[in-house]
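Structure first, then comments.
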Amino acid sequence: SFPFLSLSFIPTMVLAAKQALSAKIGFSNPLSRRNPSSPLQRSPLAASFPSTTDLPKRTVLAVSKPLHLSPMRAKPPARREAYEGDKSEPQPIDDAAETKSEAAKKLKIGIYFATWWALNVVFNIYNKKVLNAYPYPWLTSTLSLAAGSLMMLISWAVGIVETPKTDFDFWKTLFPVAVAHTIGHVAATVSMSKVAVSFTHIIKSGEPAFSVLVSRFLLGETFPTSVYLSLIPIIGGCALSALTELNFNMTGFMGAMISNLAFVFRNIFSKKGMKGKSVSGMNYYACLSMLSLLILTPFAIAVEGPQMWIDGWQKALSDVGPQFVGWVAAQSVFYHLYNQVSYMSLDQISPLTFSVGNTMKRISVIVSSIIIFRTPVQPVNALGAAIAILGTFLYSQDQYLEILILMLLYHGFFACGAGKALIGQDMQCSSPMLSSLISVKTGGKSLM
């Protein structure tokens, strides 16, 4: 009966209901506190505010969502723009710095090689002088290992070189390597005590042939045809040099051959056993020398003995003089140093580069020993040495070996029978046939 009066109380009732609901759910509109004139307060929705049963957390989320999540929406685009900027605008590469770093690396490798070759030449000279005056290779070999072991123990003690962290497994895997190293070292020293230094190193240049044969027939490994082709000049050159050696000695020849075989097994054991071992090249060789010294000492005493050493020492001092002591010290120290540098080089260069360097090292030793000791060399003997060293160099290349061997055949470097064996087919030994084979290998490009 009082419609106007009842309608006038509606806004008051709605406001009271809103206040009661806000107090009940603990919600207050922050916009209304910060800005009293906010459109939210003047919204027409106020006239039809829902009841308490329709007000769930949906109302709270609807108001708070822009407040709490809007800053988070702005961050992903910023990160995405930065990432896209890194992809599309890479930092420029400093070519000058890169070139300088590469030049420094090449210089370091060159210093390693020069030091390695020089130390090896000096060792071989003093070692031969000692063996000429004091023909006891077992003791000489023992002193070389003892000097290196002592040098490294002192270096570890004073902190010049960091002491390696080793365990029982390390020494267990190193043991067969040390056995092979000991045999190879003694055999090479015995060889040099009987024949010229140049002849020993010519025979030792045939080590790749032993490596291939042992790996093929004992380990079952296969190699490309080019590797087998490289063995022909190695074996042929060593045979030619041995047959024409003026001062040939069977003990010296067999010592060099045994040394080759032992070092092949040393490399095989080292490759198989030392995988995953975090020991530097310098410390690895130091540990190898110490273990080899322990293995060699009792055998050296049994083969030669202290009495022979004392008698020989007195005779050497009377024949040479006090400088003989300096020779012994020099050959012992330089043996360790040149081996140490070679192992350090392996940390910096690839095995291929190391093989090439080892070949050049043999050339420097052969030439220097011939000059210093005035070793008589026949032209045929020199040709055999050159062929063997060339074969060793080709073996280390492994990429263009077949082409190079065929080029040698083309120019008449080998006989027709060798050509048939190399090519593996029944053919007449003729330049046109070889020329066509080279053309196939090179894709039609001329190499002549």
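The values are calculated or read from the model by the stated rules, or taken from the named source; none is laboratory data. As the structure is a computational prediction, the values presented were derived from the model and not from experiment. Cβ sites come from the backbone with ideal geometry, for glycine too, and all protein chains shown count toward neighbours. Areas reflect the complete protein model, heavy atoms only, side chains present, ligands, DNA and RNA absent. Shrake-Rupley method; radii C 1.70, N 1.55, O 1.52, S 1.80 Å.
Things worth noting here:
- A straight chain from ALA302 to SER278 at 0.36 nm per residue would run longer than the Cα-Cα distance by 5.0 nm.
- Percent RCO, i.e. relative contact order, over the range 253-388, from Cα pairs under 8 Å lying at least 6 residues apart: 33
- Calculated accessible area for the range 233-292 comes out at 44 Å² per residue, all protein chains present (probe 1.4 Å; ligands, DNA, RNA ignored).
- Compared with the alpha-carbon gap, the fully stretched path from LEU150 to ALA239 is longer by 28.1 nm at 0.36 nm per residue.
- Placing a label point 7 Å from the Cα of GLN314 along the Cα-to-Cβ direction, the residues of the range 123-141 with a backbone N closer than 19 Å are 133-136.
- ILE295 versus LEU246: modelled label distance in nm, points set 7 Å from Cα along the beta carbon direction: 3.8
- Flagged links, alpha-carbon separation over 30 Å, of LYS100/LYS271; LYS106/LYS271; LYS272/LYS361; LYS128/LYS165: LYS100/LYS271; LYS128/LYS165
- FRET efficiency, PHE168 to LEU383 (Cβ-Cβ, R0 56 Å, nearest 0.05): 0.60
- Here the peptides 187-198, 221-232 are ranked by packing, the mean other Cβ count within 10 Å, and the order with the highest first is 187-198, 221-232.
- At an R0 of 25 angstrom, the distance between the Cβ atoms of LEU346 and THR222 translates into a FRET efficiency of 0.50.
- Ordering 370-379, 140-149 by mean Cβ neighbour count within 10 Å, with the highest value first, yields 140-149, 370-379.
- Mean separation of Cα pairs under 8 Å and 6 or more residues apart, divided by the residue count, gives the range 95-241 a relative contact order of 23 percent.
- Exposure of LYS272 as accessible area (Å², to 10), given a probe of 1.4 Å and all protein chains: 130
- For the range 366-387 versus the range 216-283, the inter-centroid distance based on Cα atoms is 21 Å.
- Taking the protein heavy atoms of the range 153-207 in the context of the full set of protein chains, the accessible area attributed to carbon and sulfur is 66 percent at 1.4 Å.
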